[in-house]
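Comments concern the structure below.
Computed from the coordinates by the stated procedures, all read-outs in this text should not be read as laboratory data. Remember, it's a predicted structure, so these values are computed and weren't measured experimentally. Heads up, the Cβs are rebuilt from the backbone with ideal geometry, glycines too, and the neighbour counts pull from every protein chain shown.
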Amino acid sequence: MTDGLLVVEDLHVEVEGTPILNGVDLRINAGERHAIMGLNGAGKSTLASVLMGHPAYQITGGSITYNGAPLEDLEVFERARAGMFLSFQYPSAIPGVQVGTFLRRSVAAVRGEAPKAKAFRDELKTAMDALGMDRSFLARYVNDGFSGGEKKRLEILQMMLLQPRLALLDETDSGLDIDAMRAVAGAINSLPSSCGVLLITHYKRLLDLVVPDVVHVMINGRIVERGGPELAERLEQHGYDGIVAQ
Amino acid sequence: MTVTRPAPLRSIHLWRHTPWSWMAPDAHSVSPLHVELHPPTPSCLAEGGGVDLHQASEDRFSTMVRAHEYTRPDVEDVARATLAELAYGGQHLDLHGDLTEVVHVDLVARGEVCAGRLHVRCTGHATLHIHLSGSAAWCGLHLTGQVTDGAHLAVAITDELGKDARFVRCDDWHVGRDARLTSGTLSTGGFRRKSDLRHHLNGTGGDVRIGIAVHGRGERHDDHHVEIHHHLGHTTSSLVANTACGDASRSIGTGRLVIAPGADGSDAGQVFRNLLLSEAARADAIPELEVLADDVAAAHGAASAAIDEGQVHYLMCRGLDRSTAEDLVVEGFLAAAFGELKHERVVGVLRDRLVVHLDCAQEW
């Protein structure tokens, strides 16, 4: 079974000698929506970072295949150009770089050519309107002085413009008010039907708006249980105690 | 002409990091700095507005030096004195009324040794771009200015001197009551550079905002000394100096913020930030405060760091390769020096020049 969009098999990862992931198995096919839930420190964000090639993590075992090819062979920027997108839990601020400039360069890099000015402006306007973002955002410096909600909106705006094949959304719902949550959920739901999605979240409320095909529970660096949307409902009501006890 | 003025001791703070012997011009005939004014279109001139360039009287410059001297008589003003010897006379640029377009002044340095002086007087609202270029091996510029009561002058100063050039710049600016000077400098050209920039807030309500971006490459040496004197109370100032040093370049930024006795209600801050892009690069930032009044707000800070790998990773996650990502971080870091200027036209001029410079720098 190697024809999945993303196939993670027995993945072991450590940071400076400390094991974080201890044998993760995950398979996401094109068009599927997966959610990972779990206690703090379970390794959810680590998994997303490793998938995107963060240099701080060492893969000590297992394999990751993206679109049928080993992911380890790709540099970080090559993963982005190959259609992978990570919405950061804590995106970096880059003072002095205006959002508009950053978006144009990023889109040009991922698409392989600079977008036509007018077409890009129209595209940007449509996406920003959908997210309820003011045009003044474009002149601000990337994430510099942004509130938590503004950062998350900018992440989703990038996702909409970059049109990924696999979207990794790391706690994109945290820090969002109800209206913003709906706007973000709308953006995720409007991704092309072939796009795979991995949602990392602590809360069921996002999963009410973006209904996952599969919910995974991660404990101590392993996925210990899988199920449908009803699993998120069960976790909401009973917490993780029962699963941890098992 | 031979300049025989004795060099100041290196114990003098101003010349500690960049001795005058490194900066003094060699014995050569001196060419005057060519001043070319590109006036704005008449449609941008409000009634009574105008731009005039003419020969300046000598006292335009000596007055400026004397006005400074009473605040610090112990410094040997060798650079100003040398410029006075080399460039007797100078040009006077008069900006009056409200100008809605940028006034461009090109300064062209020709010959081996080239020196010039320019006095700017602003009585309205104006934006000025002074651009220095040319092939001179040594270039000296004494820039003086007066922003009269209630006026607002915004200045962008850029250069593209040759990569072997030495450049000495001295500024003396006086800002009147309820007046504002907004000044941005993009320092990219030349091999060795010493700037001694002094600003005087002479009237209550006066405001000075300074942004300086320095890009070091090769073995470039850039020394910026910036003084801001609050002579009266209820005056405000800010200084942001961002330096990105690569290769084996060296940068020094020294700030001197003086709040005179009785200048209560003054509000001032200065920040120096250094971005070190290589092991061999070196940058020093030394902000100093002399607060002689009781009720003031004064802050200073300095920081040096390597390029932030988190920022680079974030950009790479958006499809930029490492080199492009690092260049964008550097561009942003330098452009951020102008953020506090809060003047769209000046920031636009400086940002455009910065982007051109960095594009060219990749092939340097």
For the modelled label position 7 Å from the Cα of residue B:247 along Cα-to-Cβ, which residues of segment B:179-219 have backbone nitrogen atoms closer than 20 Å?
B:186-195, B:213-219
One finds the C-alpha centres of segment B:270-316 and segment A:1-78 to be spaced, in Å, by 38 Å
How much length is gained if the chain between residue B:53 and residue B:110 is pulled fully straight, taking 0.36 nm per residue apart and subtracting their Cα-Cα distance, in nm to one decimal?
18.5 nm
Amide H contacts under 5 Å for residue B:256, restricted to residues at least 5 apart in sequence or on another chain and with H modeled in the peptide plane, are B:226, B:227, B:228, B:288
Average other protein chain Cβ within 10 Å of Cβ, residues A:98-107:
3
Can you give the FRET efficiency for residue B:26 and residue B:295, using 1/(1 + (r/R0)^6), R0 = 45 Å, r = Cβ-Cβ distance, to the nearest 0.05?
0.35
Estimated dipole of segment A:1-119 in Debye, rounded to 20 [Cβ of Lys and Arg +1, of Asp and Glu -1, Cα centre]
880 debye
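Once every DSSP H run of n ≥ 4 in chain B is given -39500 (n - 2.57) and the sum is divided by its residues, what mean residue ellipticity at 222 nm do you get, rounded to the nearest 500 deg cm²/dmol?
Rounded to the nearest 500, it is -5500 deg cm²/dmol.
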Taking 7 Å along the Cα-to-C-beta vector as the label spot, tell me the residue B:100-residue B:81 distance in nanometres, rounded to one decimal.
4.9 nm
Quick one: if you stick a label point 7 Å off each Cα along the C-beta vector at residue B:36 and residue A:125, how many nm between them?
4.0 nm
Once phi for every residue in segment A:162-173 is put through the Karplus expression 6.51 cos²θ - 1.76 cosθ + 1.60 (θ = phi - 60°), the whole-Hz ³J(HN,Hα) values, with Gly and Pro written as x, are 7, 6, x, 8, 9, 9, 9, 10, 8, 6, 5, 7
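Where nothing but the Cβ of Lys and Arg (+1) and of Asp and Glu (-1) is charged, how large is the charge dipole of segment B:292-364 around its Cα centre, in debye to the nearest 20?
180 debye
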Mind checking which of B:111, B:276, B:334 is farthest towards the positive end of segment B:30-361's charge dipole, using Cβ charges of +1 (Lys, Arg) and -1 (Asp, Glu) about the Cα centre?
B:111
For residue A:195, distant residues with modelled amide H under 5 Å away:
A:31
Mean ellipticity per residue at 222 nm, deg cm²/dmol - from DSSP H runs of n ≥ 4 across chain A, formula -39500 (n - 2.57)
-11000 deg cm²/dmol
Just order B:166-174, A:58-66 by mean Cβ neighbour count inside 10 Å, highest at the front, would you?
B:166-174, A:58-66
Unit charges at the beta carbon, dipole of the protein assembly as shown: most positive-side option, B:175, B:54, B:214
B:54
Given the options B:120, B:51, B:214, which has the most mean-square fluctuation in a GNM of chain B, springs set between C-alpha atoms less than 10 angstrom apart?
B:51
Extending each Cα 7 Å along its Cβ direction at residue A:90 and residue B:11, get the distance between those two points in nm, one decimal.
5.0 nm
Estimated vicinal HN-Hα couplings, Hz - segment B:224-238 in sequence order (Karplus 6.51, -1.76, 1.60; Gly, Pro = x):
10, 10, 10, 10, 10, 10, 8, 7, 10, x, 6, 10, 10, 8, 9
Pairs to check: A:125/A:204; A:151/A:204; A:116/B:163; B:163/B:342; A:118/A:151; A:118/B:163. Give those whose C-alpha atoms are more than 27 Å from each other in this structure.
A:125/A:204; A:116/B:163; B:163/B:342; A:118/B:163
Subtracting the Cα-Cα distance from 0.36 nm times the residue separation, let me have the gained length for residue A:134 to residue A:59 in nm, one decimal.
22.9 nm
Taking +1 at the Cβ of each Lys and Arg and -1 at the Cβ of each Asp and Glu, which of B:131, B:202, B:265 sits farthest along the dipole of segment B:30-361 towards its positive end, judged by Cα position relative to the Cα centre?
B:131
Relative contact order of chain B, defined on C-alpha pairs under 8 angstrom at six or more residues apart (%):
11 percent
How high is the relative contact order of segment B:195-301, in percent, with contacts defined as C-alpha pairs under 8 Å that are six or more residues apart?
27 percent
